[in-house]
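Please read the structure below before turning to the comments.
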Amino acid sequence: MTAQPIRVLLVDDQPLLRTGFRMILEAESDIAVVGESGDGEQAVADARALQPDVVLMDIRMPRVDGVQATRQITGAARETTPRVLVLTTFDLDEYVVEALRAGASGFLLKDVPAEDLVTAIRTVSRGDAVVAPSITRRLLDMFASRFPATDSPTPANLAHLTDREREVLTLVARGYSNAEIAAELVVSETTVKTHVGNVLTKLGLRDRVQAAVYAYESGLVQPGAL
């Protein structure tokens with residue numbers, strides 16, 4: 001039985017960029033572009049109508065920007081919410097952290113190589129994040145203290161975690177990979193994956209990016225902490 005292709009919605013206010021992304025993605029047999037939106041308001045409507053698996057979202061757009069659109073899309077009442085992959089021109093765009101808070105699963109630069117774009121779409125569709133741990137930490141360190149939390153998680157939620165799970169969450173937020181966490185705690189990578197999975201489940205988080213944001217906003221990790 002052939003697997004269903006990954007359904008992608010392209011959102012950007014520049015038609016030429018949408019065309020370029022479409023050409024790249026439609027060359028892949030396991031990816032189908034189901035629609036294009038020219039701004040955030042249209043993206044929200046199209047996401048509801050077309051039910052994509054992944055939304056490739058421009059962050060700076062007229063009317064409704066990518067942050068607002070992401071918040072509305074990831075909070076939509078449907079059985080499986082689309083994963084949002086944010087596009088930005090600058091690798092230290094202050095809107096990126098806000099988009100991650102809003103529910104995005106990661107971000108890409110608009111000049112990303114074609115093969116990296118395709119890989120990112122596949123990765124996000126599987127439920128993983130595409131922001132490298134080191135970039136996650138750098139972004140959060142630079143911007144987490146500059147913006148008030150919009151929906152700050154209740155610190156008491158941390159009580160649901162075991163001491164080891166709190167350790168793992170702290171290291172995830174500090175940019176450690178699973179292999180690095182395993183080395184730091186002297187456990188296997190399989191054990192680390194189990195702990196990360198438990199953390200996400202107990203806190204109701206989608207992926208490592210949201211876990212990192214949670215760790216900062218709950219006060220478990222402070223911006224700039226080593």
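Which whole number of Å³ per residue matches the convex hull of the alpha-carbon atoms in region 156-218? Show your work: numbers first, answer last.
Details: hull volume 4.3 nm³, N = 63.
Given the Cα convex hull of region 156-218, per-residue volume reads 68 Å³.
What GluC sites (Glu not before Pro) does region 3-38 have in DSSP loop regions with at most 12 other beta carbons within 10 Å? Mind showing how you got there, number by number?
Numbers: sites: E26, E28, E36; in loops: E28.
Here no loop site has a sparse enough neighbourhood.
So if each residue of separation counts as 0.36 nm, and I subtract the Cα-Cα distance between A45 and Q14, what length gain in nm does that give?
Taking 0.36 nm per residue and subtracting the Cα distance, the gain is 9.3 nm.
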Amide H within-cut-off set for T81, under 5 Å, with H built and near neighbours excluded: none
Distance between region 1-66 and region 173-226 - C-alpha centres, whole angstrom: 30
Charge dipole of region 156-218 about the Cα centre (unit charges at C-beta), most positive-ward option of G204, V172, L158: G204
Neighbourhood net charge (10 Å Cβ-Cβ; Lys/Arg +1, Asp/Glu -1) for S177: -1
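By the scheme Lys and Arg +1, Asp and Glu -1, what is the net charge of all other residues having a beta-carbon under 9 Å from that of V67?
Details: positive: R71, R101; negative: D65, E98.
Residues close to V67 contribute a combined charge of 0.
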Stretchable slack from T201 to V186, in nm (0.36 nm times residue separation minus alpha-carbon distance): 3.1 nm
I6 long-range amide H proximity, modeled H, under 5 Å: I31, A32
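Readers should treat all values here as calculations from the given coordinates under stated rules, not as data from a laboratory. As the structure is a prediction and not an experimental result, all values here were calculated from the model. Every residue, glycine among them, receives a Cβ derived from its backbone with ideal geometry; neighbour counts consider all protein chains shown.
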